[in-house]
Amino acid sequence: MNEDALREHIALIGKSLYDRGLAHGSAGNISVRLADGWLMTPTNSCLGRLDPARISRLDAGGKLLSGDPPSKETFLHIAMYQERAAAGAVVHLHSAHAVAVSCIADVDPGDVFPPITAYAIMQVGKLALVPYFPPGDQTLADAVRKLARRHHAVLLANHGPVVAGATLEAAVNAIEELEQTAKLVLLLRGQPVRALTAEQVAELNRRFPG
Ligand code: 13P
């Protein structure tokens, strides 16, 4: 896809997320890697009403070349890209169920979700919890950087999920799977759960690597 098509694609995906209640107000941000920099959704923009022409164009150093001022989470997106050479897109949301799980006190920070479905294993993998830091703070980007090499999906405590993918399509599919899994985990709270076994998880990882 050329840059114009990518801009249209970001706006289309943003509207789709917004229309289905996965993004609201000015929460969330989307970026795509280019050969020599990034496209980044502008700060304080609504993902449901993005103007493709005003999406921020950053150079390889993260400097704004054109468009509106970029998301305050730009550092965090760039940290993901720098740690994950194959990442072509990063999506961050404040989707309700994932945020709810990010506020639960007793989750395993190395693997937030129990292994309940095959698709969560295949598309989200081991979801790591990033300790709480204020939105847009360099400390938050630094904390994500520490986990990004081992996890393409992380959950910012009391904030929301961040997912990297080879393409925007892959990153969005994975963050939607993450949100769906969070919803299932909340629906199942207090119920006896038949989780997948370690062997079943290993088999999925063998069949569907990466
Ligand atoms: P921006 O409006 O700067 O992209 O920030 C929104 C957000 O989701 C912060 O975490």
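Since every read-out is calculated from the coordinates, none of them should be taken as a lab result. These numbers were taken from a predicted model, which means no experiment stands behind them. A quick note on method: Cβ atoms are made from the backbone with ideal geometry, for glycine too, and the neighbour counts reach across all protein chains shown.
Key figures
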read-out	value
Length added when fully stretched, D36-A100, from 0.36 nm per residue minus Cα-Cα	19.4 nm
Cα-based helix-to-principal-axis angle, 138-148 vs the chain, degrees rounded to 10	50 degrees
On Cα atoms only, tilt of 3-19 relative to the major axis of the chain in degrees	50 degrees
Nitroxide proxy distance, nm - points 7 Å out along Cα→Cβ at R207 and N44	4.9 nm
Farthest positive-ward along the stretch 143-210 dipole, Cα basis, beta-carbon charges - from L187, I175, A148	A148
Pairwise centroid distance, computed over Cα atoms, of the stretch 88-147 with the stretch 166-199, Å	12 Å
The chain - convex hull of alpha carbons, volume per residue in Å³	110 Å³
Entries in K72/K146; K15/K146; K63/K126 that, when Cα-Cα distance is taken, lie over 28 Å	K15/K146; K63/K126
Mean ellipticity per residue at 222 nm, deg cm²/dmol - from DSSP H runs of n ≥ 4 across the chain, formula -39500 (n - 2.57)	-11000 deg cm²/dmol
Cα→Cβ-extended label distance, 7 Å offset, between Q191 and R150, nm	3.1 nm
Length released on extending from A5 to D19, taking residue separation times 0.36 nm less the Cα-Cα span	3.0 nm
Hydrodynamic radius by Kirkwood, which averages 1/r over all alpha carbon pairs of the stretch 110-157, in angstrom	11.3 Å
Length-normalised contact order for the stretch 77-130 - Cα pairs under 8 Å, 6+ apart - percent	28 percent
Backbone N under 14 Å from the K183 label point (7 Å along Cα→Cβ), restricted to the stretch 8-23	17-23
